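*Asks:* Take this structure, written in structure tokens, and hold onto it; I'll ask about it next.
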Amino acid sequence: MVTAHLDPLKSAMGKSQVISANGGAARITRMQRDTETELLKQCAQVMSRVERHKHAWIFAKKVDAKKLNIPDYYDIIKEPMDFKTIKTNLKTLYKSPLEFARHMRLVFQNCCEYNRPETDAYKMGEVVLKAFEEHWEKAGIEESLRTW
């Protein structure tokens with residue numbers, strides 16, 4: 001087994017990480033796991049705030065291309081994303097707040113990729129993206145990751 005101290009400060013405090021020579025998963029400390037859990041809870045709070053925006057409703061669930069009569073949607077959008085999926089992933093899938101942020105931005109990227117700039121959907125996407133970025137920045141999650 002190869003031991004690598006990935007964080008000198010935590011190593012100095014006796015909180016080293018161990019990586020197996022065959023590329024196995026790293027063992028993390030309880031403090032790191034607790035911090036990660038807390039940051040994901042903060043992501044859920046950001047999600048909740050964004051969902052309350054008056055224009056967020058169009059991003060609440062998956063695009064129903066048939067119902068909306070946009071048969072080319074899934075030809076153009078290769079990685080669909082919506083708030084319901086993100087909320088589910090917050091509970092079950094995401095291991096890092098950065099995964100949450102990437103998916104949040106993907107919602108709006110998809111919106112702007114599919115819709116023309118003069119459409120209401122495009123404009124709503126820009127406004128809700130701005131709201132997300134403001135809440136994300138205010139929560140300080142990314143800054144916490146840099147100092148972690």
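Read-outs: derived from the displayed coordinates by stated rules, not from any lab. All of these numbers come straight from a predicted model, not from anything done at the bench. Cβ: placed from backbone, ideal geometry, glycine included. Neighbour counts: every protein chain shown.
*Asks:* As a quick test, which of the pairs Lys84/Lys138; Lys66/Lys138; Lys78/Lys130; Lys67/Lys123 have an alpha carbon distance above 26 angstrom in this structure?
*Replies:* Correct reply: Lys66/Lys138.
*Asks:* Before anything else, pin down the relative contact order of segment 79-148: Cα pairs under 8 Å, at least 6 apart, normalised by residue count, whole percent.
*Replies:* That works out to 28 percent.
*Asks:* Glu137 versus Ser48, label points 7 Å from Cα toward the beta carbon: distance in nm?
*Replies:* Label-label distance for Glu137 and Ser48, simple model: 2.3 nm.
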